[in-house]
Amino acid sequence: MNSFETDTQISTFPSLQHLNSVLQLLPTSALIIDLKGNIHAINQQAIQFFRGTSQAVWFENATIGSLVLDLQRSLDLIEEISLKKEFTEKKILFRKFDKSVACVNLFARSFNVEPCYILIQFTDISQKTKVLLSELVRTLRQEVIALKPYLNKPGKELLEKILNKNTLEESWHDRSNLESQIEVIRKNRIASIIQLFPQLTNAEITLCGFLSLKMTIDEIACITGKTSNSLHVSFHRLLKKTSFSTGKELLRKLESMG
């Protein structure tokens, strides 16, 4: 690991020396920040996550706000964690160093002995996970099909039901729907969009929320599990419901929202 990741920023905080050692043992991506969002320690899993396909690592001057798509959401998160004094669970959007966007399940809380510091752990729930699950489903189906010649008639009928049900894929589809819910976008942002476009459906409001964060259609597709083509269709459909004559005008308005 780089010197920053083990020594530089935590050297002036003796109580964090031990916490940093523990951080490296956690199986999930994790980091420690202060109440201003400055990153003081980060484990190898988080470094690899944020690096993505990039070779850059510049955590020395990074803050949690520079990694979260919505700066105000990161500030709200820190305030909520510091006030609650208990575990907080959120879905949140991170942008990696390679500019890709990931949706994560985030668990965080402040330390009892060091209330000025917050421990954040998170797990990726983005398209990468979907690809791995799809590959697992494909492999399992091949293994199950290989059993068919050895089964009697009732067994073959049961096998057909299992193959047609696609339980794992249905489970992922349900999960993708959950990920695309409004909860990953700040409530005030959603409220502003609803006030501006009360005629839009919940799905269209959610799409506007993602677009207001300057996300591309392809990035939104990766987060929601929808196809880029279907999102383009949805965008043109919602454009017709607004007073804007072009998509660029609508995007400028959405991106201007705080």
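The values are calculated or read from the model by the stated rules, or taken from the named source; none is laboratory data. Quick caveat, the model's predicted, so the values are computed rather than measured. FYI the Cβ positions are ideal-geometry reconstructions off the backbone, even for glycines, and counts take in every protein chain you see.
Name the single residue that is surrounded by the fewest Cβ atoms within 10 Å (Cβ to Cβ) among those in segment 72-105 being of a type in the set (A, V, I, L, M) and farther than 17 Å from residue 31 by Cβ.
Ranking the qualifying residues of segment 72-105, first place goes to 83.
Being more than 21 Å from the chain's Cα centre (by Cα) and not aromatic (Phe, Trp, Tyr) narrows it down to one residue among 231, 239; which is it? Walk me through it before giving the result.
Numbers: 231 fails: more than 21 Å from the chain's Cα centre (by Cα).
Exactly one residue qualifies, and that residue is 239.
Taking the conditions exactly as written (at pLDDT 90 or above, outside any helix (DSSP H, G or I) and not assigned by TED's automatic domain parsing to the domain that holds residue 104), does residue 199 satisfy them or not?
Yes: the conditions hold for residue 199.
Does segment 42-74 hold any residues that are among the aromatic types (Phe, Trp, Tyr) and either at pLDDT below 85 or in contact with a Leu (Cβ under 7 Å, 6 or more places away or on another chain) (or both), and which are they?
Across segment 42-74, the qualifying residues are 50, 58, 59.
Restrict the check to segment 235-251 and report whether at least one residue is in a loop (DSSP other than H, G, I, E, B), on the phi < 0 side of the Ramachandran plot and surrounded by 18 or more Cβ atoms within 10 Å (Cβ to Cβ).
no
Could you please find all residues in segment 8-41 being closer than 15 Å to residue 107 by Cα and at pLDDT 85 or above?
26, 27, 28, 29, 30, 31, 32, 33
Find all pairs meeting these conditions: Cβ atoms under 6 angstrom apart; at least six residues apart or on different chains; first residue within segment 91-106 and closer than 17 Å to residue 33 by Cα and not assigned by TED's automatic domain parsing to the domain that holds residue 222; second residue among the aromatic types (Phe, Trp, Tyr) and assigned to a strand (DSSP E or B).
Note: pairs meeting the criteria are 106/122.
For segment 106-116, name all the residues that are buried (at least 19 other Cβ atoms within 10 Å of the Cβ) and of a type outside the set (A, V, I, L, M).
Correct list: 110 only.
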